[in-house]
Amino acid sequence: MVKNYFLKMFAGIALFGLLASCNTTQDPTESIPNPDDGPAVPKILAKVMMDTSLYEEYVSTSKGVLEQTLFKDEKASNTYYTGTLTYTDDPGDNTKKNITKVKFVSPATASLSYSFDIVPGEKGKISSASCTATGATPALSHLSDYAFTYDATDKLTKILEKRKEGGISAYNKFIEYTFVYSGDNISQAVCKKGILDINGAPEMTTAVKTTYSFQNYDSKKSAFSLLPKNYFIVRSLMDPTNFYKMSPNNPTSMYFDMPPPTPSVNTGQSYSYDNQGYPMAEKNQKFTFTYKNL
């Protein structure tokens, strides 16, 4: 059962592509390759299909502001999480908006609902964040606070989550993510989970480690680079297999080294591209991608 769950989860990793619409009638705003070498039309990712089934959907305004998302809930068949984003104006640039809240809700009774509150930082970074994850009972719920660390070039290098689980009023668990880069692409996200010591510091000696490797990036543009990076940071806090979506290019292989007894998984990705250099399809996992012209 665990193996099947991860195989499903990793199917979502197989990216990019042309996105076929569910409808037989083509959306007039759907992106198709230009027949000539004229100016590229601005566009945004709209759908990710797995074979003939919807896997992810991104609903944006005509100006390219992401408002709502849908993605498969792997804990229930034919069920989707709905994500809703809230923005505020950037005080340093009135032409930009910052994500300040993201809510994820699934109709599946076994799934948690998540409400993230985000404090924006300078240059589009996240200063801090908190999350209320609500389950069927208090014992299945948790409260989290996140600290973000960036390097001198504004790359995200670490996220430290401290949790209050099972109705406990004090922090009792932690999750730490550290990132390794190849150029501007995330090549590795190392996740460590464990308990906090009496002083509230992570107890690393007993932590359980999982390594998510995103390898051999191509030189083409990622479909997900058309969407807000901070959205994918939050999405990845639910599911770390999504961290590669923060990268500007496309990984052609992924390896997830899971803690025993869960088997590790290695997948390969092979893409076809449109004339703007964005993926149209990921052939191995049978994903296609649809874009909406702005």
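The set of residues in region 55-85 being more than 25 Å from G277 (Cβ to Cβ) and either acidic (D, E) or over 16 Å from the mean Cα position of the chain (by Cα) (or both) consists of E67, D73, E74, K75, A76, S77, N78, T79. Residues that are at pLDDT 95 or above and within 22 Å of N230 (Cβ to Cβ) were ranked within region 27-49; the one that is farthest from the chain's Cα centre (by Cα) is K43. Between T52, T86, T69, the distinction of being under 18 Å from F232 (Cα atoms), modelled with pLDDT of 85 or more and surrounded by fewer than 19 Cβ atoms within 10 Å (Cβ to Cβ) belongs to T86 only. Checking each residue in region 161-185 for being assigned to a loop (DSSP other than H, G, I, E, B) and of a type in the set (A, V, I, L, M) picks out I168, A170. Restricting M238, M258, M246 to those that are surrounded by 21 or more Cβ atoms within 10 Å (Cβ to Cβ), touching a residue at least 40 places away in the same chain (Cβ under 8 Å) and at negative phi reduces the list to M246. Residues in region 112-134 that are of a type outside the set (V, I, T), under 18 Å from R163 (Cα atoms) and in contact (Cβ under 8 Å) with a residue 24 or more places away in the chain: L112, Y114, F116, A129, C131. Give the residue, chosen from L160, L143, that is of a type outside the set (F, W, Y), at pLDDT 95 or above, surrounded by 15 or more Cβ atoms within 10 Å (Cβ to Cβ) and under 30 Å from D93 (Cβ atoms). Residue meeting the stated conditions: L160. Residues in region 258-294 that are over 19 Å from the mean Cα position of the chain (by Cα), acidic (D, E) and in a strand (DSSP E or B): 0 in all.
P263 meets the conditions (1) in contact with a Phe, Trp or Tyr (Cβ under 7 Å, 6 or more places away or on another chain); (2) touching a residue at least 24 places away in the same chain (Cβ under 8 Å) in every case but one. The failed one is (1).
Going by the structure shown, is Q188 in a strand (DSSP E or B), in contact (Cβ under 8 Å) with a residue 40 or more places away in the chain and among the polar types (S, T, N, Q)? When the stated conditions are applied, Q188 does not pass them. Which one is surrounded by the most Cβ atoms within 10 Å (Cβ to Cβ) among residues in region 200-230 that are part of a loop (DSSP other than H, G, I, E, B), of a type in the set (G, A, S) and touching a residue at least 24 places away in the same chain (Cβ under 8 Å)? Among them, the one singled out is S222.
Only one of the numbered conditions (1) in contact with a Phe, Trp or Tyr (Cβ under 6 Å, 6 or more places away or on another chain); (2) closer than 23 Å to I118 by Cα; (3) among the charged types (D, E, K, R) is violated by K221, and that is (2). Among strands (runs of 3 or more DSSP E) entirely within region 52-160, having at least 2 residues that are in contact with a Pro (Cβ under 9 Å, 6 or more places away or on another chain) and either acidic (D, E) or more than 14 Å from P228 (Cβ to Cβ) (or both) singles out 80-90.
The values are calculated or read from the model by the stated rules, or taken from the named source; none is laboratory data. These numbers were taken from a predicted model, which means no experiment stands behind them. As a convention, Cβ positions derive from the backbone with ideal geometry for all residues, glycine included, and neighbour counts pool all protein chains shown.
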